[in-house]
Amino acid sequence: MKIAFVGKGGSGKTTLSSLFIRHLAAKGAPVIAVDADINQHLGVALGLDESAAAAVPPMGAQLPLIKDYLRGSNPRIASAEAMIKTTPPGEGSRLLRVREENPVYAACARPVHLDDGEVTLMATGPFTESDLGVACYHSKVGAVELCLNHLVDGADEYVVVDMTAGSDSFASGMFTRFDMTFLVAEPTRKGVSVYRQYKEYARDYGVALRVVGNKVQGGDDAEFLRAEVGDDLLVTVGHSDWVRAMEKGRPTPFAQLAEADRRALGTLQEEADASYHSRDWERYTRQMVHFHLRNAESWGNARTGTDLAAQVDPGFVLHEGLSTGSGQPVGEQREGAVPAGATSTAPSD
């Protein structure tokens, strides 16, 4: 299951995504946690110290390796340099699975040992001094999008992505890559403004969106959120002594998290698991192709000097039954991909 946490800056998005990741690990589920926020805090929220979190290799710096591996023997992609963040897989492409060893994970992923389990952490990497004033953050997040485009995951395994704050998530097609999107909202007008933006942008793409009310202090706060977001409100959480101790660098065992918070996390998992039955790999593939064609026309063809539309394999549908190896016939025949609706396409590799 691919799950995104989104919300405005300061909403508690990273905190809640880290708690959900810990909850899944405590249940024994295989989890890949991805920090795709411009402010890289997920590693610390999972208990790493600052130096250990900073030592997680940035995916953006490994983009050539990622492209070369995923390209495999796909005859439609002449070289890794011709790939962009939206390049879809086709026959001959290498695919990624949650429970496997591969060069991408070896280069970019690191284990995080929790007191009641273990997860795999990947991170886009922060802005560096050389990026300031000249680089677009979406070029770093592009490595995550490319991996998600080539990921085949099952019902009992999880990829949890802490997304960049606000509506920046819509600067690419990555917002359509998830089975479930949890939007973290505070009970304030500013807190629900990102929800309204997300709901409007995602309306035409079949994005499964549920709201997690955070920093809720009483019934009035909960009623405010219900009035603003309606049935999209899934659950609310308030102050957590466990989280406050963690933020002070005085962590306690996860089993000591308050029972109400544990129930809330269980509700999130139930909602995410239920979305599995609504998976539509045909639509997923169509949307992938659609955003690739838009990016190709907008900037990719000029950037690479290549007609990137030729990278689309019209007979390919991504789905769980595919092999991950290179050079094998991993596609399934269907009619040509029909593009879905359109959205913003910020230039990025």
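In the set Tyr105, Tyr137, which member is at pLDDT 95 or above, among the aromatic types (Phe, Trp, Tyr) and open to solvent by 10 Å² or more (accessible area, probe 1.4 Å)? Show your work before the answer.
Values: Tyr137 fails: at pLDDT 95 or above.
The conditions single out Tyr105.
Examine the stretch 29-51 for a residue that is over 30 Å from Pro253 (Cβ atoms), surrounded by fewer than 23 Cβ atoms within 10 Å (Cβ to Cβ) and hydroxyl-bearing (Ser, Thr, Tyr), and state whether such a residue exists. No: the stretch 29-51 contains no residue that is over 30 Å from Pro253 (Cβ atoms), surrounded by fewer than 23 Cβ atoms within 10 Å (Cβ to Cβ) and hydroxyl-bearing (Ser, Thr, Tyr). Taking first residues from the stretch 86-100 that are on the phi < 0 side of the Ramachandran plot and partners that are assigned to a strand (DSSP E or B) and open to solvent by less than 20 Å² (accessible area, probe 1.4 Å), the Cβ contacts under 9 Å between residues at least 6 apart in sequence or on separate chains come to Leu95/Leu151; Leu96/Leu151; Arg97/Leu151; Val98/Val31; Val98/Ile32; Val98/Leu151; Val98/Tyr158; Val98/Val159. With a requirement of 2 or more residues that are over 24 Å from the mean Cα position of the chain (by Cα), on the phi < 0 side of the Ramachandran plot and surrounded by 12 or more Cβ atoms within 10 Å (Cβ to Cβ), the helices (runs of 4 or more DSSP H) lying completely within the stretch 229-306 that satisfy it span 241-247, 301-304.
Once the stretch 140-153 is narrowed to residues that are open to solvent by less than 10 Å² (accessible area, probe 1.4 Å) and not hydrophobic (A, V, I, L, M, F, W, C), the residue that is nearest to Arg94 (Cα to Cα) is His150.
Ser93 meets the conditions (1) modelled with pLDDT of 95 or more; (2) under 18 Å from Met163 (Cβ atoms); (3) in contact with a Lys or Arg (Cβ under 8 Å, 6 or more places away or on another chain) in every case but one. The failed one is (2). Being surrounded by 14 or more Cβ atoms within 10 Å (Cβ to Cβ), in contact with a strand residue (DSSP E or B) (Cβ under 9 Å, 6 or more places away or on another chain), closer than 28 Å to Ala61 by Cβ and at pLDDT 90 or above is the requirement here; does Leu318 meet it? Spelling it out, Leu318 is indeed surrounded by 14 or more Cβ atoms within 10 Å (Cβ to Cβ), in contact with a strand residue (DSSP E or B) (Cβ under 9 Å, 6 or more places away or on another chain), closer than 28 Å to Ala61 by Cβ and at pLDDT 90 or above.
The values are calculated or read from the model by the stated rules, or taken from the named source; none is laboratory data. Model, not experiment: these values are computed from the prediction. All Cβ positions, glycine included, derive from the backbone under ideal geometry; neighbour counts span all protein chains shown. Calculation scope for accessible area: heavy atoms of the full protein, side chains included, ligands and nucleic acids excluded. Shrake-Rupley method; radii C 1.70, N 1.55, O 1.52, S 1.80 Å.
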